[in-house]
Amino acid sequence: MSVYLDASVLLPTLVDEPGSEAVEHFLARVDDGLVISEFAAAEVASGMSRLVRTRLIAGDVAARRLSIFDAWRADETQAVDIEGSDVRAASAIVRRFELMLRAPDALHIAVCRRLDARLATLDVRLAGAASKLGVMIAPI
């Protein structure tokens, strides 16, 4: 079964964050195929942009790290496009108000469900909601 990586797992591979070490260990030991949606990749770029905007990282450093990310992604993971059915499924998921999810998180769950992939995330709320919806979680 493949493992879908969301942005909360990907960004700590590019910048030092509290979860960086755990993510490195996870990626070193995972045996299944890694999947990254084009949307998750865009969220990573957005996260790096936020760090540049808030002056926590220089633009040239962010650009280099994103280039490294793009190369790793091309070599080590499978890219997955977002489909219209994923957006429709995410819309239904966010209407389950007890889950308290934002649309981007619901979109990650929808893609995992379509692919029958395990979700790797550092987001506790997302992991809990995904579990309630039958998506297996890859422990980090």
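The values are calculated or read from the model by the stated rules, or taken from the named source; none is laboratory data. This one's a predicted model, so the numbers in the text were calculated from it and none came from an experiment. Don't worry about glycine lacking a Cβ; one is built from the backbone with ideal geometry, like all the others, and counts go over all protein chains shown.
Of all residues in region 1-26, exactly one satisfies the criterion of being over 13 Å from the mean Cα position of the chain (by Cα) and aromatic (Phe, Trp, Tyr), namely 26.
Just one of the listed residues (75, 60, 86) is of a type in the set (Asp, Glu) and either in contact (Cβ under 8 Å) with a residue 12 or more places away in the chain or not in a helix (DSSP H, G or I) (or both), namely 86. Determine whether residue 111 is outside any strand (DSSP E or B), within 17 Å of residue 6 (Cβ to Cβ) and touching an Asp or Glu at 6+ places or on another chain (Cβ under 6 Å). Yes, satisfied.
Is at least one residue of region 91-101 surrounded by 19 or more Cβ atoms within 10 Å (Cβ to Cβ), within 17 Å of residue 1 (Cα to Cα) and under 17 Å from the mean Cα position of the chain (by Cα)? So far as region 91-101 goes, no, none of its residues is surrounded by 19 or more Cβ atoms within 10 Å (Cβ to Cβ), within 17 Å of residue 1 (Cα to Cα) and under 17 Å from the mean Cα position of the chain (by Cα). Filtered by the rule that a residue be under 14 Å from the mean Cα position of the chain (by Cα) and either touching a residue at least 40 places away in the same chain (Cβ under 8 Å) or more than 23 Å from residue 117 (Cα to Cα) (or both), region 27-44 gives 34, 35, 36, 37, 38, 39, 40, 43. Look through region 1-32, keep the residues that are at pLDDT below 95 and under 16 Å from residue 78 (Cα atoms), and return whichever of them is surrounded by the fewest Cβ atoms within 10 Å (Cβ to Cβ). So, considering only residues that are at pLDDT below 95 and under 16 Å from residue 78 (Cα atoms), the one surrounded by the fewest Cβ atoms within 10 Å (Cβ to Cβ) is 31.
Residues satisfying the criterion are present in region 28-47 (criterion: out of contact with any Ser or Thr (no Cβ under 6 Å at 6 or more places or on another chain), within 17 Å of residue 139 (Cβ to Cβ) and in a helix (DSSP H, G or I)).
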